[in-house]
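Accompanying notes for the structure given below.
The values are calculated or read from the model by the stated rules, or taken from the named source; none is laboratory data. From a predicted model like this one, the values you see are computed outputs, not experimental measurements. As a convention, Cβ positions derive from the backbone with ideal geometry for all residues, glycine included, and neighbour counts pool all protein chains shown. The area values use the complete protein model at the heavy-atom level, side chains included, leaving out ligands, DNA and RNA. Shrake-Rupley method; radii C 1.70, N 1.55, O 1.52, S 1.80 Å.
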Amino acid sequence: MPGVIPRGPAGRSAPETTAIPAGTVRDTRGRPLRDLRISVTDRCNFRCTYCMPRELFGADHAFLPQSALLTFEEITRLARIAVAQGVRKIRLTGGEPLLRKQIESLVGMLADLRLPDGQAPEITLTTNGTLLARKARALAQAGLSRVTVSLDALDDALFERMSDSGVPVATILAGIEAAADAGLAPVKVNMVVRRGMNDAQILPMARHFRHTGHILRFIEYMDVGNTNGWRMEEVVTGAEIVRRIGAEFPLESVQAHYRGEVAARWAYTDGGGEIGLITSVSQPFCGDCTRLRLSPEGRLFTCLFAEQGHDMRGLLRMGADDHALAQRLAGVWRARSDRYSEIRGQAHREHKIEMSYIGG
Ligand code: SAM
Ligand code: SF4
Ligand code: SF4
């Protein structure tokens, strides 16, 4: 039943507001809105070949001007509305979210939000890790719950080639340790696996992160965006990864923490910790997909493979009240029917949104 929640202790950055309609909204497939992924910038200091190839994201690429980006106040206002409608987890992403100036202030503003039951939402962030050693403590102090760091290889030459960045692996490893030391643990480490590119790094990565408390997660290479020239033959399935690691370190499957958890969990039988498999290609999980994405300039996307977003910035900047924003957001979610990964073979998409714009 829609009810009304008053402004909570989160009021610090709230504009003058009317009461926000509250209650869980469901899409056309009965999926509730639970997660909000906020892309805070379309810029990145890496040029990962599968995400922002330099040929297409070179010196002449037109990134969004600062004035086009949602301000932290605008982001927080939309997040508050989403939280009233069922969102429990907020993930900051990008581009590279740590490039956005004073990102820790946004974390603080989001950490002040309260769910209808009075609890704080979980605030997480996905980063390439280059600036993490410098920022981890401030992020933790601002209220970040945990962090996910992307790392595709331990071999320096291969890592530099894949990220097209000149950044050594040691910088990312230092970021991971700094995050754990700052209390952002367990740190999740995401490795996108691309056959013939970095699949020989699966075992070295597994060996490195066993017994560290960090959770290594393998991501099947996806056909996101229009620029990475994706081919099915480059996908190494989660099942193959489990087989390859299991041959050296026996693994057993572990129960999901909750329904809709993105990564399938496997634990080393010798107590070395656990790994995760994100099998978006071989075993799609659209049926449990509860994620809404907000782009840097305020468009809502209901699927990673969407071609179109729904503008919220226009409404925000023409002075719409919270009620109108909430109606719009709920309307976008209610109309949602996406399940791209389940129908990948049949779905023809001309202009998918880029991963570097909308985040993972
Ligand atoms: N820059 C940050 C980072 O790299 O962690 C956050 C944004 S990045 C787009 C989010 C995640 O998407 C990263 O873990 C990245 O490896 C993953 N990703 C990007 N392109 C991908 C693809 N084609 N298939 C699978 N994962 C991809
Ligand atoms: Fe940047 Fe992340 Fe994309 Fe790599 S995956 S280019 S780090 S946004
Ligand atoms: Fe969710 Fe779209 Fe991915 Fe399916 S393809 S899991 S609907 S984001």
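Here are the numbers for the structure shown:
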read-out: I245 vs. criteria out of contact with any Ser or Thr (no Cβ under 9 Å at 6 or more places or on another chain) and either crowded, with 18+ Cβ neighbours inside 10 Å or under 30 Å from V87 (Cβ atoms) (or both); value: yes
read-out: Any chance L139 is on the phi < 0 side of the Ramachandran plot, in contact with a strand residue (DSSP E or B) (Cβ under 9 Å, 6 or more places away or on another chain) and aliphatic (A, V, I, L, M); value: yes
read-out: Subset of region 163-184 [out of contact with any strand residue (DSSP E or B) (no Cβ under 7 Å at 6 or more places or on another chain) and not in a helix (DSSP H, G or I)]; value: D164, S165, G166, V167, P168, A182, G183
read-out: Lone qualifier among S165, S150 - being within 30 Å of R34 (Cβ to Cβ) and either of a type outside the set (A, V, I, L, M, F, W, C) or open to solvent by 50 Å² or more (accessible area, probe 1.4 Å) (or both); value: S150
read-out: Criterion violated by D181 - all others in (1) free of Cβ contacts under 8 Å to residues at least 60 places away in the same chain; (2) within 29 Å of N45 (Cβ to Cβ); (3) away from ligand 1 (no atom under 16 Å from the Cβ); (4) surrounded by 18 or more Cβ atoms within 10 Å (Cβ to Cβ) satisfied; value: (4)
read-out: Selection status of P296, closer than 21 Å to R34 by Cα, out of contact with any strand residue (DSSP E or B) (no Cβ under 8 Å at 6 or more places or on another chain), assigned to a loop (DSSP other than H, G, I, E, B) and not hydrophobic (A, V, I, L, M, F, W, C); value: no
read-out: In region 117-157, the residues that are touching a Lys or Arg at 6+ places or on another chain (Cβ under 9 Å) and either aromatic (F, W, Y) or not in a loop (DSSP other than H, G, I, E, B) (or both); value: E122, I123, T124, L125, T126, T127, R146, V147, T148, V149
read-out: Sole exception among (1) in contact (Cβ under 8 Å) with a residue 40 or more places away in the chain; (2) open to solvent by 30 Å² or more (accessible area, probe 1.4 Å) for D156, by number; value: (1)
read-out: The lone exception for R114 - which of (1) touching a residue at least 40 places away in the same chain (Cβ under 8 Å); (2) of a type outside the set (S, T, Y); (3) in a helix (DSSP H, G or I) it fails; value: (3)
